[in-house]
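In what follows, a structure is listed as structure tokens, so that the remarks can point back to it.
Here, each number is a calculation from the coordinates, and none is a lab measurement. From a predicted model like this one, the values you see are computed outputs, not experimental measurements. Because the Cβ atoms are built from the backbone with ideal geometry, glycine has one as well, and the counts that use them run over all protein chains shown.
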Amino acid sequence: MKHVIILADGLADHRIERLGDLTPVEFASTPAMDFLAREGVNGQVVTIPDGFQPGSEVANSTILGYDQNKVYEGRGVLEAASIGYDVADDEMAMRCNLLTIDADGNIANHHGGHLTTDEGRQLIDYLNEKLGSERVKFVAGIQYRHLLIIKGGSKYVECAPPHDHPGRSAKELMVKPMAGAVDEPGRMTAAETAALLNQLIEQSGQLLAEHPVNVARRSEGRLQASHIWPWSPGYRPAMKTLSQMFPQIKSGAVISAVDLIKGIGRLAGLEVIEVEGATGLANTNYEGKAAAAIDALRRHDFVFLHVEATDEAGHDGDLDLKVKAIEYLDHRVVAPIIDAVKAMDEKVTIALLPDHATPVEERVHRAEPVPVAIWHPGIVADDVSAYSELASSRGSLGMIYLTDFIKRLMAF
Ligand SMILES: [Zn+2]
């Protein structure tokens, strides 16, 4: 038996008056999703462990079977994995933004005035040339999103995610050692690490001001990428691969437009499949993603197909767009995968679920149980007749907790 998870990011929602007290997925026309629910078995999944924020990286990693209390290291190391940087055991990795601090010393934005990837690379490579050492390494990523690696650095430092603090004084948000940080053998102390990071932020300000990329942007009246801003420190996550955890997964693949999900997939030992035109937005290349998943199912035992558009619509608070994103997902991804699975010689189990709720009326992630439908050819159905938040609670799978989900799925 092969397995494919279709992950609809942020799909789960609440009843909405304008929809006649239905949720978006109940209101939307979803014949393919309803087929999975009606012909298959249903339940609810708790995807966020106690004490964790309902982030997509937490939920997706939990769905894939990872105990967050053991593996959670923040997004820096996941982004490192997504661009193929292998974090060594003695390194500390951080997300490193290129951003704009204005003349008054306030954080003007978290993206340096929407840098292109080429501009970002030039700036980061320059910083690595000037500030790089045995201890300090800058690694170029995408647009304004890069990596800072500190050999022997402590992860017990408090850093401010810059997108949470627009307009705030940068000085007040500089890196601090965490209260109660423990000293670790072979590593710098938290205080030493914080001092080094703050020094790098200062030095980046002097170096970036005179770089030709910023000189050109200044002369064109555009915002400059004036400083680096490191955050989300972490160590190499202690993750086994999925093949190590589940012998029936001899090899697998992940398909996603989102760096964090690709990073989790790479650390899980999955092939990362890139799909042209996969944007994470409502105009994403749905057919391309479905075709890539079907092709991957021929070569692999396990496929994790992640679609972001439903979450984006929730964050935008755009109800019509969310309904549309759900219908696109249904007609253009779920339906062709069901058709392909019906035609395959080898049996494939399909699981459909969101990672968390992103209710359009709240515009943020919510940690609440999400509906799952599981189907394979020949399965004996339960009594649920449509895919929805409420209907799934009457399914035969009941409430599934955290890492039990993938264990239950692998038993099909
Ligand atoms: Zn998510």
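Per residue, the chain reaches -9500 deg cm²/dmol at 222 nm when only DSSP H runs of four or more residues are counted, each adding -39500 (n - 2.57). Amide H to amide H, with H built 1.01 Å from N, residue 357 comes under 5 Å of 366, 368, counting only residues 5 or more places away or on other chains.
What does the highest-first list of 319-328, 403-412 look like by mean Cβ count within 10 Å?
By packing density, highest mean first, the sequence is 319-328, 403-412.
Under 5 Å from the amide H of residue 278 lie the amide H atoms of 285, each residue being 5 or more positions distant or on a separate chain, with H modelled from the backbone and absent for Pro and chain starts.
On a C-alpha basis, how far is the centre of segment 92-158 from the centre of segment 259-309 in Å? Whole number, if you could? About 28 Å separates the Cα centre of segment 92-158 from the one of segment 259-309.
Of all beta bridges that DSSP places with both ends in the chain, some 60 percent have antiparallel geometry.
Bridging of residue 347 to aspartates and glutamates at a Cα separation below 12 Å is possible for 301, once same-chain residues fewer than 8 apart are set aside.
Close amide H contacts of residue 349 (hydrogens built in the peptide plane, cut-off under 5 Å, sequence separation of 5 or more or a different chain): 2, 3, 4.
Can you tell me the order of 375-385, 223-233, 289-299 when each peptide is scored by its average per-residue count of other Cβ atoms within 10 angstrom, highest first? If you can, show how the numbers build up before the last one.
Working: 375-385: 15.4, 223-233: 24.4, 289-299: 19.4.
Output ranking for 375-385, 223-233, 289-299: 223-233, 289-299, 375-385.
Karplus-derived 3J(HN,Hα) values for segment 80-97, using 6.51 cos²θ - 1.76 cosθ + 1.60 with θ = phi - 60°, are 4, 4, 5, 9, x, 8, 8, 5, 6, 4, 9, 9, 10, 10, 9, 5, 10, 6 Hz; glycine and proline are entered as x.
Here segment 128-247 is described by how far its Cα atoms reach on the three principal axes: 57, 38, 31 Å, from widest to narrowest. When each of the peptides 20-27, 347-354 is scored by the mean number of other C-beta atoms lying within 10 Å of its residues, the order from highest to lowest reads 347-354, 20-27.
The charge dipole of segment 215-367, taken about its Cα centre with unit charges on the Cβ of Lys, Arg, Asp and Glu (plus for the first two, minus for the last two), comes to roughly 640 debye.
Just want to confirm a number: the relative contact order over segment 114-257, from Cα pairs under 8 angstrom separated by 6+ residues, in percent. Don't skip to the answer; put the middle values down first.
Working: 167 pairs, mean separation 28.0, N = 144.
It rounds to 19 percent for segment 114-257.
For the chain, relative contact order (Cα pairs under 8 Å, six or more residues apart, normalised by length) works out to 33 percent.
Can you tell me, using C-alpha contacts under 8 Å and at least 6 residues apart, the relative contact order of segment 321-412 as a whole percent? Please report the intermediate quantities before stating the final value.
Numbers: 70 pairs, mean separation 18.0, N = 92.
RCO, segment 321-412: 20 percent.
Whole-Hz Karplus values for segment 332-341 come out as 9, 10, 5, 4, x, 5, 4, 4, 5, 5 Hz, taken residue by residue from phi with 6.51 cos²θ - 1.76 cosθ + 1.60 and θ = phi - 60°; glycine and proline positions read x. Between residue 281 and residue 222, the modelled label-to-label distance comes to 1.7 nm, taking each label 7 Å out from Cα in the direction of the beta carbon.
Across segment 393-410, computed HN-Hα scalar couplings (Karplus, 6.51 cos²θ - 1.76 cosθ + 1.60, θ = phi - 60°) run 5, 9, x, 6, 7, x, 8, 10, 9, 6, 6, 5, 4, 5, 5, 5, 5, 5 Hz from first to last residue, x flagging Gly and Pro.
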